[in-house]
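Undergrad: The structure's right below; bear with me while I get my questions together.
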Amino acid sequence: MLITKRDGSKVTYDPSKINQFLEYVCEGINGVSMSDIMLSSKLFLHEHMTTKEINSVMIKSAEDLISEETPNYDLVAGRILISEIRKSAFGVFDPDPLYNIIKDNTSIGLYDPELLVNYSKEDIEYLESHIDYDRDYNIAIAGAREWADKYLVQNRITKQYYECPQIAYMLVAMAAFMYDEGNENKSRLDFVVDYYNILSLGLWNCPTPQMAGLRTPTRTFSSCVLIEVDDSIDGISAAEQVGKKYSTLKAGIGIGSHNLRGNRQPIRGGEAINTGVLSHAKSIEESILSCSQGNIRKGSITFNWLGWHIDFEDLIYFKNSARLDSDSMKKSDHMIMLNGYLLRRALTGKAIWLFSPEEVPALKKAFFSSDLKLFAELYEEAIENPNLTKKSIPGDLWFTTILTERQSTGRIYLGFMDNFNKYSGYNDKVAPVRQSNLCVEISQHTEPVKIIHNDDGTQSIDGLVALCNLGGINWGPIKAKEDFIHIAEVGVRALDNILSMQYYPFEASRKHNEMYRPIGVGITGFAYWLARNGLKYDNCYKLLDEWADYWSYAVTLASVNLAKERGHCGAYANTKWARGIMPVDIVPDAVNEIIPHQVRSHWEELRPMLKQYGIRNASLMALMPAETSAKISGRGTTNGVEPVRGLIVSKGGKSSKGKFVVPEFEKLKDNYDLVWEWEGCSQLIKTYAILQKYVDQAISGNTYYNKNNFPDEKIPLKLVASTIVDAYKYGLKTLYYNNNDDSVKEFNVSNEVSAVLDDDASCEACTL
C-alpha cells in the first residue's frame, strides 16, 4: 500500500514506523496500549492516504478508546495531534530556533513587527532557554483541538501552522510585556518568563482574543464590548457600527437597549410613530451577526432589556421556539433587568406596570441605582400619572412568564440592577451601571453611543463603550492560597499592559479605558479545586471563604501596587474605591447567614495604600465562564466556578468537539461533585454568594435542574422561583444559563409564585 508524505512523494506503507510512533506517544502514560490503537486504526487505512490522514485516523482511534476505565487515551490523542501540528509548522517534530520563527513569521505579516523592535536577538535567545517544549505533550485532546482550531497562528484555509503551543505561550508573554519597563524588583524579561510559566503551567487563564491575538498585528484583545444604545436613529446606527466592528475583532457584544422607546410611541414630535424596540434590535442583530470572526469565535450578542418596558410581552418571547422566525431573535441572547422592588410586587400579588422609558426619565435613572426606595416612590407615582403611556399585567403572570421562558430556552438571563449598583466598584450617583456583557459577568459604567455630525462633514461616535479584558487564576493546581500574590502580580500587570497597547477603533472605547482601565480577573478550575480538597459545593463554605478572601486581596493589592508605580485610573473619583470602599466592605446580611464574614487577609494594611495611591483598575474582578480557554493547558481544568456534568464529557464546537476528561481522573474521580445528581442548585447559589462578596463585578453563574430528581419528572415552579429570590437576596447581580439535563422542560405550575414567601420573608425585596 502506498501513502503520500507531507512533501507529496509516495512511499510504501511501513507499519513498523507507525508502531514506533505510537510507542513514542504512549510512553509514560498508564493504562494505554499502542496495539489497541493500531488495531482500531487498521480498519480505516487505505491506498494513497496522506500522513496527515493517517494521524487523523489514529487520533480518532485513541479518542474512541477513552472511557472511565481507560481515561488516559485523551493524552495519547493529544500527543498525536500536537505532533501533527509541529510537523506542519516546522517540517519536523523539533521547533526551529525561536528567533528564526519570529523573524520568518514577521516577514510574512503573521507576527507583530514590534516584537523584533522591542526584543533583541539576545533577549529572544534568553527567553527561548526558558521554554519547556515537553509541556506540549501534556495537552490532552480537548485542549489540543482548541489550539489547532482557535489559538495557533495558521492559514485557516490550508491548515498550515506556524507555531506550537509553547511558542505561542512565550510569544503571548513577550507581546504582553513588549512595552513594559519592569520595576525595581523585576526586569521586563523576568516578567516575560514569569508570565510564560503561569500560562503554560495552567495557573493563569488567558481568554480567546488574547491567546489568538497577542503576538499578531491585530492588537485587539477584548473578550466583550458593552454598548449602550441612545434613543435616536443616530444612536441605533452608532450601536450597529460599534458592534459590527468589534464583532469582526473577535469580541462578544452586550447591547444596552433600555433607552429605546416602545412600539407606536411618537417620534419627531409626533410626526411619525416608532416601530418598536423589536425592529431596531433586529437591525442591530443582523448587522453584528453578519460579520465574520475568522472561524475563531462566532459573532454573539446579548441584549439587555428593561423588565418593566412597555414592550415586555414581545421582548420576553424573543427566543421562544414557537415564535415565527420573522418575529424572533433566536440568534441572540437576552438579559431581563429587574430589581428588588419589582420582585416584591410580583411575589405579593401586585400588578407589574409597564412604561415606555422616554416618558419616565427619572424612574429610569432611579432603576439604575442602589436607591430602591426612590425607585419605589417614582414607580408608584408613575402608576397614578394619567398622562403616561402604560399597561399592567398580573405580577404572578409576569414572574411566571420570565421563569418559564428562562426554563424552556435556557437563554433568558437575569440582571438585578440595584445589586449591580449597590455592590459595584463604581459610585452609582455619578457612574451608574446600566447593562452587562455577552456572558453577564461584567459590571461597568457606560454612556449611550450616538453619531456626531461634525462641522467639517465628518462623523464621530460619542459616548462611553466599555471593554472587558479578562484573565483568570486557576485554583485547581494551587496548593497554597499565598501563591495568589505572585500570580496576581504578573497577571494583573499583563492585563494593564494590554490596555495600553490595544487598538481602539472608536474614541468612545479608548476614552472609557483611559478613564477606568477596567479588567476582569476570574477563577477557573473551581470544581477541580473542590475535588482536590475532598469538598462538595454544599460543604465548602469555610475554606472557600478563606481562599476567596485571599484571592480578592491579591488581585486588589496588585492593582494598588500598579497605581503606586503608574498612577491610578483617570476617573478614579467616580468609584467607590476613591471613598475607601472595597468589596469586602459591602456584604449582604443574608450571606453572613451562610458563613459569618470576618476579615481574614491584610485588608486593613491595604486600606491606607488605597487611600494614598488609589487603584489602577476601576473594575477588577469578574467570574467568566472560561468554557473554551480552560481546556488548553495540560489536561486542562474545569470551567470557571461551575460544577462538572460528568467525569468524561464531550465539549467544544462543531470543529473542535472532543472528549474532555476531568483533571486527575484516576486519583480524584470519586471526589467530583456531579451536578445532575443534585436536587436543585441551592448549594451552587450559596457558593456564588460567598464569591460575589469578594467580586466587584459579577459572576457568569448558571442554574441547573434535573427533572429525573423530582416527582412526576416535573421541576417545581416554586423551587425555581425561590432560587431567583435567593440569588437576589445574596447580592448576586446576574444569573446566566439555565441548564436542564433533558430536552423536556416542564414546570409543575400548581405551586403559586407567591408561595416562595412561605419559607423566607426576610428578603429585602419583600420587606420594603
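The values are calculated or read from the model by the stated rules, or taken from the named source; none is laboratory data. The structure presented is a predicted model; accordingly, all values stated were derived computationally and were not measured. We place every Cβ from the backbone using ideal geometry, glycine too, and count neighbours over all the protein chains shown.
Undergrad: Failed condition for D190, given (1) under 30 Å from T638 (Cα atoms); (2) crowded, with 24+ Cβ neighbours inside 10 Å, with all others met?
TA: Among (1) under 30 Å from T638 (Cα atoms); (2) crowded, with 24+ Cβ neighbours inside 10 Å, D190 violates only (2).
Undergrad: Then there is this: Sort through D96, D123, D149, D104 and tell me the only one that's within 26 Å of T218 (Cβ to Cβ), surrounded by 19 or more Cβ atoms within 10 Å (Cβ to Cβ), of a type in the set (D, E, K, R) and out of contact with any strand residue (DSSP E or B) (no Cβ under 9 Å at 6 or more places or on another chain).
TA: D149
Undergrad: Only one of these is surrounded by 18 or more Cβ atoms within 10 Å (Cβ to Cβ), modelled with pLDDT under 90 and of a type in the set (G, A, S): G254, G270, G262. Name it.
TA: Just one listed residue meets the conditions, G262.
Undergrad: Let me ask something else about it. Provide a single number: the residues in the stretch 373-382 that are surrounded by fewer than 20 Cβ atoms within 10 Å (Cβ to Cβ) and in contact with a Phe, Trp or Tyr (Cβ under 7 Å, 6 or more places away or on another chain).
TA: Summing the residues that are surrounded by fewer than 20 Cβ atoms within 10 Å (Cβ to Cβ) and in contact with a Phe, Trp or Tyr (Cβ under 7 Å, 6 or more places away or on another chain) in the stretch 373-382 gives 2.
Undergrad: Next up: Taking the condition of being within 18 Å of the chain's Cα centre (by Cα) and free of Cβ contacts under 8 Å to residues at least 60 places away in the same chain, how many residues in the stretch 689-716 meet it?
TA: Qualifying residue count for the region: 1.
Undergrad: Is it the case that the stretch 395-410 has a residue that's part of a strand (DSSP E or B) and aliphatic (A, V, I, L, M)?
TA: No, that holds for no residue.
Undergrad: May I ask you to list the residues in the stretch 437-484 that are small (G, A, S) and more than 17 Å from S237 (Cβ to Cβ)?
TA: Residues satisfying the conditions are S443, A466, G471, G472, G476, A480.
Undergrad: Of the residues that sit in the stretch 105-125 and are assigned to a helix (DSSP H, G or I) and without any contact (Cβ under 8 Å) to a residue 12 or more places away in the chain, which one is farthest from the chain's Cα centre (by Cα)?
TA: Result: E122.
Undergrad: Right, here's the next one. Any idea which of I383, I402 is of a type in the set (A, V, I, L, M, F, W, C), in contact with a strand residue (DSSP E or B) (Cβ under 8 Å, 6 or more places away or on another chain) and without any contact (Cβ under 8 Å) to a residue 40 or more places away in the chain?
TA: Answer to the check: I383.
Undergrad: Scan the stretch 682-712 for residues that are part of a loop (DSSP other than H, G, I, E, B) and surrounded by 19 or more Cβ atoms within 10 Å (Cβ to Cβ) and jot them down.
TA: Hits for the stretch 682-712 are K693, Y694, V695, D696, Q697, A698, S700, G701, N702, N706.
Undergrad: State the number of residues belonging to the stretch 573-587 that are over 25 Å from the mean Cα position of the chain (by Cα) and not acidic (D, E).
TA: Going through the stretch 573-587 one residue at a time, the tally reaches 6.
Undergrad: Considering I85, I101, which residue is under 30 Å from D180 (Cβ atoms), within 30 Å of the chain's Cα centre (by Cα) and either in contact (Cβ under 8 Å) with a residue 12 or more places away in the chain or part of a helix (DSSP H, G or I) (or both)?
TA: I85
Undergrad: OK, next. If you check I393, I336, which single one turns out to be under 28 Å from the mean Cα position of the chain (by Cα) and modelled with pLDDT of 95 or more?
TA: Just a single option satisfies the conditions, and that option is I336.
Undergrad: Being within 15 Å of N304 (Cα to Cα) and not in a loop (DSSP other than H, G, I, E, B) is the filter here, so list the residues in the stretch 720-737 that pass it.
TA: Result: T734, L735.
Undergrad: Go through (1) closer than 26 Å to Q692 by Cβ; (2) aliphatic (A, V, I, L, M); (3) in contact with a helix residue (DSSP H, G or I) (Cβ under 9 Å, 6 or more places away or on another chain) and name the single condition A480 misses.
TA: With (1) closer than 26 Å to Q692 by Cβ; (2) aliphatic (A, V, I, L, M); (3) in contact with a helix residue (DSSP H, G or I) (Cβ under 9 Å, 6 or more places away or on another chain) applied to A480, the lone miss is (3).
Undergrad: On to the next question. Quickly run through the stretch 429-458 and pick out the residues that are closer than 20 Å to A508 by Cα, touching a residue at least 12 places away in the same chain (Cβ under 8 Å), part of a loop (DSSP other than H, G, I, E, B) and not hydroxyl-bearing (S, T, Y).
TA: Once the filter is applied, which keeps residues that are closer than 20 Å to A508 by Cα, touching a residue at least 12 places away in the same chain (Cβ under 8 Å), part of a loop (DSSP other than H, G, I, E, B) and not hydroxyl-bearing (S, T, Y), the stretch 429-458 yields V430, A431, P432, R434, Q435, N437, L438, I442, Q444.
Undergrad: Tell me, which residue of the stretch 35-47 that is within 23 Å of V11 (Cα to Cα) and touching a residue at least 24 places away in the same chain (Cβ under 8 Å) is surrounded by the fewest Cβ atoms within 10 Å (Cβ to Cβ)?
TA: Residue satisfying both the conditions and the ranking: E47.
Undergrad: Across the stretch 509-538, which residue is farthest from N118 (Cα to Cα) among those that are surrounded by fewer than 24 Cβ atoms within 10 Å (Cβ to Cβ) and of a type in the set (A, V, I, L, M)?
TA: L535
Undergrad: Condition (residue is in contact with an Asp or Glu (Cβ under 7 Å, 6 or more places away or on another chain), more than 14 Å from S619 (Cα to Cα) and modelled with pLDDT of 95 or more) applied to the stretch 465-479: is it met by at least one residue?
TA: Checking the stretch 465-479: not a single residue is in contact with an Asp or Glu (Cβ under 7 Å, 6 or more places away or on another chain), more than 14 Å from S619 (Cα to Cα) and modelled with pLDDT of 95 or more.
Undergrad: Can we say Y503 is out of contact with any Leu (no Cβ under 7 Å at 6 or more places or on another chain), closer than 24 Å to N259 by Cβ and aromatic (F, W, Y)?
TA: No: the conditions fail for Y503.
Undergrad: Which residue, of S287, S283, is out of contact with any Ser or Thr (no Cβ under 8 Å at 6 or more places or on another chain), closer than 26 Å to F367 by Cβ and either modelled with pLDDT of 75 or more or outside any strand (DSSP E or B) (or both)?
TA: S283
Undergrad: Is one or more of the residues making up the stretch 222-229 crowded, with 21+ Cβ neighbours inside 10 Å, farther than 22 Å from P505 by Cβ and at pLDDT 95 or above?
TA: No, the stretch 222-229 contains no residue that is crowded, with 21+ Cβ neighbours inside 10 Å, farther than 22 Å from P505 by Cβ and at pLDDT 95 or above.
Undergrad: For F177, indicate whether it is closer than 26 Å to G634 by Cβ, modelled with pLDDT under 95 and not basic (K, R).
TA: no
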